[in-house]
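The values are calculated or read from the model by the stated rules, or taken from the named source; none is laboratory data. For clarity, every value in this text was computed on a predicted model and none was experimentally measured. Cβ placement follows ideal geometry from the backbone for every residue including glycine, while neighbour counts extend to all protein chains displayed. Just so you know, the surface numbers come from the protein's heavy atoms only, side chains and all, with ligands and any DNA or RNA stripped out. Shrake-Rupley method; radii C 1.70, N 1.55, O 1.52, S 1.80 Å.
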Amino acid sequence: MDNNEKQSLLFKNFPPVSTADWETKIIEDLKGADYDKRLVWKTNEGIPVRPYYRADDLEALPYLDTMPGEAPCLRGVKTKNNDWIIRQDFEEADPQLANQLAREAISKGAQAVGLNIQNIEKDSDLTKLLDGIDLEIIPVHFFNGSDYPAFFEMLLGYAGNAKLKGSLDFDPLSWLLLYERFHKSAEVSFDRAAKLINLAREHQPGFRVISVNCQYTHNAGANMVQELAFGLSHAGEYLNALTEKGLKAEEVVPHMLFTVAVGSSYFMEIAKLRAFRVMWNKVIEAYASKTDKAGAKTTATSKMFIHTITSNWNKSIYDPYVNMLRTTTEAMAASIGGADSLCVTTFDNCFKKPDDFGYRMARNQQIILKQEAYFGKVADPAAGSYYIEKLTHELVQHSWQLFAGMEADGGFVKAVETGWLRESIEEVCRKRDQDIAARKRVFVGTNQYANTAERMLDKVEPRAQLSDMSVLRQYRGPQAFEALRMAVENHAKKGFDIPNVFLFTFGNPVMRKARATFSGNFFGVAGYQVIDNLGFSDIKDGVQAATDAKADIVVFCSSDEEYLDMAAATKMIKEKSPKTIVVVAGNPKDIIGQLNEAGVDQYIHVRTNVLESLTRYNEILGII
């Protein structure tokens, strides 16, 4: 029997199962439970995600038969592999020190660098900054400039005949986005953009001089649909303004660079990059349908250069090494999604200036993905995944609808100047913040599973943050919980004791253990000292132990049925220590009235808003 016959026999023994059969079996197993509520997940964008996908879910999807490198670039612009450029950025403003950092990084695996040019005022400064860096091999990206046309002319003089790679972070529309006003004026901004494009076209055709910084909406808390729609509108505004000044779309697009932040929603982030390329292709198609004054159609390419950077929004001060896990997930998503370059930020950059260890870890994460995990070997590694293909399509549909609405209402500039864009992001943030406060959105080490022995107050370095100045608030999801815990640390620094929480475990072994674990996590988030116990067989012994511990908070951990037996313990604790806060872990609705009469102060359970509750405990305990 040859292989074909064996395969045919195998398929006969295992006939295909239809989607209808799968659904029937699932509904049967649910035993009357609501299918949508139990199994369909809704993303932050409101996109329903089914528990599984099959080939027939892709039958109506467009673009699936396209190849890598072909429009609409769903599968990326790379045809032979999935390689990307390992980039590392340095905030250091001193030219000589920045040069040392850059050269060290290049010698240890970085393939591109980003350099701060805020102190570059003359040719000698630029020479110090770029000394020893081969500009024809290493792409260099320049940020924090005050006058990019003047800097670019200086760079052109320094480069001479060398063919530059890299970019300028010239993005006046991001200034508008952040501050809801132009730095100079719209006219001056677009004149400078046109000048940079013309200089690049004439002298450095491989250099990108206009950036579209989509990471600002991400780090303000926008959802992915907003990121894509606002980023597309942002880029489209440049095309509109520059073509009105006489430039052609095909003269502008090769000199644009898109910077996209990648978060930890793994499959959605992969789909986001793929969707962005598809949507950009649609925009370029619109320009291809136009003609210039001479009647010639545009030949602009839809191949966008996407630089990705790991998210700031989800990084935490507490348990900071967890940030390495987050950036690893983000780097994987960026590479699988087809990023052209990637910068992994240092794991501790949200609270201190990066150091050699942080830079090394960030760099090596990418090197491992390339050289050990081989993520760069296969073009469009996500191709054929029913789940990712479907998510990509959903993101395109939802984002394009939002983008089209913005354009109909006047475009990016109007959306920003009227405050609509900021308000729409803030509306999303309110829901995200509520989910974080209630721990529906978990940050390990911050709002769940905190290390109560960790102290970070004295490790946080004072640093000016963009969030201190911008109208569009740049913030991190965990920061409200961090502020809560910092207050507790500061309280201790002033000479006061850290509040201690005594877990009064009694009765049913399973329930007392479960509720003790929940309560320890609950109060550990604030950095309180948690005193756990194996369980008390006699309530009086538990009361004595709690008072001996001089507990600020006593938490009853038992089953609902046994809490009424513990009401007497409440009275005893209050008699011995009237200021002690007595808390019940759970929500025993039938006996709450009786427990309140006995002196119980608070209740904590899975539906409690953890942030609000802990803020209230801090206030009661005099921690501000």
Near the amide H of Ile581, under 5 Å away, which other amide H atoms are found, from residues 5 or more places off or on another chain, if H is placed in the peptide plane? Ile553, Val554
Given the pairs Lys494/Lys574; Lys303/Lys414; Lys315/Lys440, which are separated by over 23 angstrom at their Cα positions? Lys494/Lys574; Lys303/Lys414
By the Cα gyration tensor axes a ≥ b ≥ c (a/c under 1.5 gives rounded; else a/b larger than b/c gives prolate, otherwise oblate), the shape of the chain is prolate
Backbone HN-Hα couplings from phi across the range 190-197 [Karplus 6.51/-1.76/1.60, Hz, Gly and Pro as x]: 6, 5, 5, 4, 5, 5, 4, 4
Over the range 1-150, what percent of the accessible surface lies on carbon and sulfur atoms, probe 1.4 Å? 51 percent
DSSP loop chymotrypsin sites (Phe, Trp or Tyr not before Pro) in the range 332-417 with at most 15 other Cβ atoms within 10 Å of their Cβ, which ones? Tyr374
Counting only DSSP beta bridges with both partners in the chain, the antiparallel fraction in percent, to the nearest 5, comes to 5 percent
Relative contact order computed over the chain (Cα-Cα under 8 Å; 6+ residues apart), in percent: 13 percent
With the Cα gyration tensor of the range 382-466 giving a ≥ b ≥ c as the square roots of its eigenvalues, does the rule (a/c under 1.5 for rounded; else a/b larger than b/c for prolate; else oblate) give rounded, prolate or oblate? oblate
Ignoring any ligand, DNA or RNA, what whole percent of the accessible area of the range 509-624 comes from carbon and sulfur when the probe is 1.4 angstrom? 51 percent
Which distance in Å, rounded to a whole number, links the C-alpha centroids of the range 194-261 and the range 339-364? 25 Å
So who's got an amide H within less than 5 Å of the one on Phe142, skipping anything under 5 residues away but keeping other chains? H placed 1.01 Å off N, in plane. Leu115, Ser167, Leu168, Asp169
Gyration tensor verdict on the range 253-394 (Cα atoms; rounded if a/c is under 1.5, prolate if a/b is larger than b/c, oblate otherwise): prolate
Can you pull out the chymotrypsin sites (Phe, Trp or Tyr not before Pro) in the range 486-586 that DSSP calls coil and that have at most 16 other Cβ atoms within 10 Å? Phe496
List the relative contact order of the range 446-601 as a percent without decimals, with contacts defined as Cα pairs under 8 Å and 6+ residues apart. 23 percent
Over 25 Å (Cα to Cα) among Lys195/Lys282; Lys431/Lys579; Lys108/Lys377 -> Lys195/Lys282; Lys431/Lys579
Amide H neighbours of Leu257 at under 5 Å, excluding residues fewer than 5 places away on the same chain, with H built from the backbone geometry, are Ile210, Ser211, Val212
Karplus (6.51, -1.76, 1.60) ³J(HN,Hα), θ = phi - 60°, over the range 408-420, in Hz, Gly and Pro reported as x: 5, 8, x, x, 5, 4, 5, 4, 7, 5, 7, x, 4
Sorted by packing (mean other beta-carbon atoms within 10 Å per residue), highest first, where do 581-587, 191-197 land? 581-587, 191-197
Solvent-accessible heavy-atom area per residue, rounded to whole Å², over the range 1-135 at 1.4 Å: 62 Å²
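Counting only other residues whose beta carbon sits under 13 Å from that of Ala150, what net charge do I get with K and R as +1, D and E as -1?
In short, -2.
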Tell me the relative contact order for the range 282-431 as a rounded percent, counting alpha carbon contacts under 8 Å between residues six or more apart. 15 percent
Where chymotrypsin sites (Phe, Trp or Tyr not before Pro) fall in DSSP loop in the range 36-106, at most 14 other Cβ within 10 Å: Tyr52
How large is ³J(HN,Hα) for each residue in the range 48-64, as worked out from phi by the Karplus curve 6.51 cos²θ - 1.76 cosθ + 1.60 (θ = phi - 60°), to whole Hz, x for Gly and Pro? x, 10, 6, x, 7, 9, 10, 4, 5, 6, 9, 4, 9, 7, x, 6, 5
